[in-house]
Amino acid sequence: MATPAPRPLAIFGGTFDPVHLGHLRAAWEAAEQLDAEVHLLPARVPPHRPQPLASAAARVALLRAALAGQDRLGLDLRELARPGPSYSVDTLAELRAEHGARRPLILLLGQDAFAGLPTWERWTQLFDLAHIVVLTRPASLPPWPDSLQGQWRQRAVAAPAALRTAAAGAMFNLRVSALEISASQVRALLAAGREPRYLLPDALLADAALLAPYRMPPR
C-alpha cells in the first residue's frame, strides 16, 4: 500500500505592515479549503514593493498578537533573519531542503502579486519547488503576461486534491472572501488619528503600543 503524501505546507508572504483581517481571512480559508498547514511569512526586504514603515520587531509583535488563541495558522520568521532581499525562491529552496522531496509545498499569492510573477527573481524555478495557489476575489482579474498565461495553461489543476499528488509544479485558483482591506488604508487611518476597528483583529486595537509605529503622520 502506497504511503499517503504528507499534508501540504503553504506559505503566505507579505510585509504585513500591519497585518489585517483581509490577510488573516484569506490565509484561514486557504488552510481550510486546501487542508494545509499555513504559515504567514513576513518579509525583511520586499523586492517588489516599498519598504515597511514598521520595524521587523514591531510587525512580528502584531502578527503574534493577531495569531494568538488559534492553532490553524502559524508564523515563519526565516526571511527576517536572512540578509538581503526576501526572494521567495530562496525561501522555498530552504523549505524544500527541510521538508524533503515528497511533502507538497504551496506558495499562496494574491491576484495582483501573481500577475507580476514574471518580474520575480528566478520565477520559473518556483515551479520546481512548490505549487502556486492564487487567492482571488469575485472581481475582475488583472491582466496576465503571455509568459504567465502559458504557465497557467500547462499547470492549472481543477481541484485542491491534485496538489497532493505531487510535491510541486501545479497551479490552482482559490476563491476567497472579498474583504477589500489594504494595509495602506489602515496606515492612513492610524496616521490621521482614526480607529480602524473591524479592519484589524481586536487584539491589535487592545494594545496601543502595537500600533504606535503607525500613529505618527508620514514624514
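The table below gives the values:
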read-out: Close pairs (8 angstrom Cβ cut-off, 6 or more residues apart or separate chains): among the basic types (Lys, Arg) and at pLDDT 90 or above in the range 202-219, open to solvent by less than 80 Å² (accessible area, probe 1.4 Å) and part of a helix (DSSP H, G or I) anywhere; value: ARG215/LEU190; ARG215/ALA191
read-out: Yes/no for TYR198 being open to solvent by less than 30 Å² (accessible area, probe 1.4 Å) and hydroxyl-bearing (Ser, Thr, Tyr); value: no
read-out: The listed residue being within 20 Å of ALA30 (Cβ to Cβ) and free of Cβ contacts under 8 Å to residues at least 40 places away in the same chain, out of GLN51, GLN111; value: GLN111
read-out: Search result, residues across the range 119-141 that are more than 19 Å from LEU9 (Cβ to Cβ) and surrounded by 12 or more Cβ atoms within 10 Å (Cβ to Cβ); value: TRP120, GLU121, ARG122, TRP123, THR124, THR136, ARG137, LEU141
read-out: Residues within the range 58-83 that are in a helix (DSSP H, G or I) and among the basic types (Lys, Arg), tallied; value: 3
read-out: Wholly enclosed helices (runs of 4 or more DSSP H) of the range 84-140 bearing at least 3 residues modelled with pLDDT under 95; value: 111-115
read-out: Sole residue being assigned to a helix (DSSP H, G or I) and either out of contact with any strand residue (DSSP E or B) (no Cβ under 6 Å at 6 or more places or on another chain) or open to solvent by 60 Å² or more (accessible area, probe 1.4 Å) (or both), chosen from LEU53, LEU24; value: LEU24
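The values are calculated or read from the model by the stated rules, or taken from the named source; none is laboratory data. Every value quoted in this text rests on a predicted model; they were computed, and no experiment measured them. Every residue, glycine as well, gets a Cβ built from its backbone with ideal geometry; the counts of neighbours run over all protein chains shown. These area figures cover heavy atoms from the full protein model, side chains too; ligands, DNA and RNA do not enter into them. Shrake-Rupley method; radii C 1.70, N 1.55, O 1.52, S 1.80 Å.
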